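What follows is a short report on a single structure.
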Amino acid sequence: MLRRAQIVNLVEHSYYSNIDFRRLGTVLDCFAHDAVLTVDGRSHRGRDGEIKQYFERMQAAYSTIRHALSNHDVDEAAQRLTCRFSLRLEDAEGHAHETGGRAAFHLGNGKLATVTVESDGGTAT
């Protein structure tokens, strides 16, 4: 069971920071093998399958990905964290898209078991 600070570190640094720095292997290491990532109602199953493909498509589509997080709510006993995020995406031609939303993370055995992301509009991670 992870403590509060470890849960925050997993989500903020291992997950979000490594998405932004395009370290796909490190992002995938955050997930359990049978994890489910749901983004705006669309589910991606399996760390090495659909989740990996989702992040590969994201990296191919955007040259810059930047997150900012706020309002962490951690339930250590339940191994859950929810937060608000803002997101800026920029493609190779310099066209930018900004959105925000909420994300909920549920851990199992120290890994992300389910991640649910709901954007306020547009693409989210």
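Give the residue that is surrounded by the fewest Cβ atoms within 10 Å (Cβ to Cβ), with candidates limited to residues of the range 104-116 that are in contact (Cβ under 8 Å) with a residue 40 or more places away in the chain and of a type outside the set (S, T, N, Q). Only one residue tops the list, namely GLY108.
Just so you know, in the range 20-37 the residues that are more than 16 Å from THR116 (Cα to Cα) and touching a residue at least 40 places away in the same chain (Cβ under 8 Å) include one that is surrounded by the most Cβ atoms within 10 Å (Cβ to Cβ), and it is ASP20. For the residues GLU90, GLU98, GLU56, the requirement of being of a type in the set (D, E, K, R), in contact with a Lys or Arg (Cβ under 9 Å, 6 or more places away or on another chain) and either open to solvent by 60 Å² or more (accessible area, probe 1.4 Å) or within 15 Å of TYR16 (Cα to Cα) (or both) singles out GLU98. Among the conditions (1) over 16 Å from GLN6 (Cβ atoms); (2) modelled with pLDDT of 95 or more; (3) out of contact with any His (no Cβ under 6 Å at 6 or more places or on another chain), the only one that GLU50 does not satisfy is (3).
The values are calculated or read from the model by the stated rules, or taken from the named source; none is laboratory data. Since we're looking at a predicted model, the values are computed, not measured. Here the Cβ is made from the backbone with ideal geometry for all residues, glycine too, and neighbour counts use every protein chain on show. Only protein heavy atoms, including side chains, enter the accessible area calculation; ligands, DNA and RNA are left aside. Shrake-Rupley method; radii C 1.70, N 1.55, O 1.52, S 1.80 Å.
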